[in-house]
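Here the structure comes first, spelled out in structure tokens, and everything after it is commentary.
Derivation of every value follows stated rules applied to the coordinates shown; laboratory data play no part. Keep in mind that what you see is a predicted model, and the values were worked out from it rather than measured. With ideal geometry, Cβ positions are generated from the backbone for all residues, glycine too; neighbour counts draw on all protein chains shown.
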Amino acid sequence: MKKVYLFLVFITICTLTGCGFRVEANEDKFEKLYRIEIQDVDGTNIVTLEELSNKEMVRFFDDEDGKWNTALFYSEEGLTPQYIINVYQEKTQTVIQTEDGDAYEKVLTYMTYEDSDIVKVVVDENTVHGMVSEDDLTFYYRGTEKFFSALNDAISDASDS
């Protein structure tokens, strides 16, 4: 009887191991896409970057090396807002689809400030479904030069068009 159980465990492990390899091979098929909307402080849309992969989105925010440092202050006093960057993630596909029409949901909002490397990041409260307050979902970072360069490139590409 022990041999039968060992055999079943062995077959189960082999089967699950094979499933894991198939999921990795099809990883890109299940990857969610992102949309980035860059707006001025009045809410006027400057540029929208559509259908970005996870790698492209991470590259835009330059977080691969983890170089964003947490800012040591938590006040916007004396800072003038410059750009609002809304990050949307593709909604999870389910059997029952809603009729709201938009395939994306907002997950993050970034705020940059004039003459400052401070970036305010707010996790959208719908992402965590009202479990915490907006103050708990607000963080301040020092943006990298690469991030500000990517932001300025996207804005200048939009104005050239």
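So for each of 41-53, 105-117 I average, over its residues, the number of other beta carbons within 10 Å; can you give me the resulting order with the highest mean first?
For the peptides 41-53, 105-117, the packing ranking is 105-117, 41-53.
So for the pair Phe139, Thr44, with labels modelled 7 Å out along Cα→Cβ, what separation do we get in nm?
Distance between label points: 3.2 nm.
Cα-Cα over 18 Å: which of Lys91/Lys146; Lys32/Lys106; Lys32/Lys91; Lys55/Lys146; Lys67/Lys106?
With Cα atoms farther than 18 Å apart: Lys91/Lys146; Lys67/Lys106.
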